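Structure first, commentary second.
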Amino acid sequence: MKRIVAILTLVLAISTTAIAQNGRTKFAADMYQAKHEMIIEELGLTMTQQKQFMPLYEQMEREIYQVNRTARALAGEVEKKKNPSDRDYETAAAALSNTRIREGEIEAKYFEKFSKILSKKQLFQLKQTELKFTREMIGKKKNNKK
């Protein structure tokens, strides 16, 4: 009987974790989809531009995500340690501090590629649209907390 309860508890824990992860994954996918739709609309991308630009944009987003994920993972490891060393703190702090630098380097690399697909106006509008999307998402989050 104890064994059955233990197995059921384990299955429940695993399924709850999987559901939570699927929920986060779906939310992230929905956010990316909404952002991409806003970019397409705000920039007025043609079908040809969409086919050329969106895969590159998604690749850029993945690279930026990976930089942030790596830095967060390092910080998480330090937080979990019972007695982190100064070197541990320094490594994690440097990784977190350098994320914006790395993001900028990645964006600069893709800006050059984007400039072969988008007009000068669309390049400008891209950054404006990204900021607009972020502000709207922050606004929705604030409204949901009320």
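Candidates in segment 41-63 are the residues that are surrounded by 14 or more Cβ atoms within 10 Å (Cβ to Cβ) and of a type in the set (A, V, I, L, M, F, W, C); of these, the one that is nearest to Leu123 (Cα to Cα) is Leu43. Scanning segment 41-63 for residues being in contact (Cβ under 8 Å) with a residue 12 or more places away in the chain and either part of a loop (DSSP other than H, G, I, E, B) or over 19 Å from the mean Cα position of the chain (by Cα) (or both) gives a total of 6.
Which residues, counting only those in segment 38-54, are closer than 20 Å to Arg135 by Cα and in contact with a helix residue (DSSP H, G or I) (Cβ under 7 Å, 6 or more places away or on another chain)? Matches in segment 38-54: Met38, Ile39, Ile40, Glu42, Leu43.
Rule-based calculations on the coordinates, nothing more; no lab input. If you're wondering where the values come from, they're calculated on a predicted model, not measured in any experiment. Here Cβ is always computed from backbone atoms with ideal geometry, including for glycine, and neighbour counts include all displayed protein chains.
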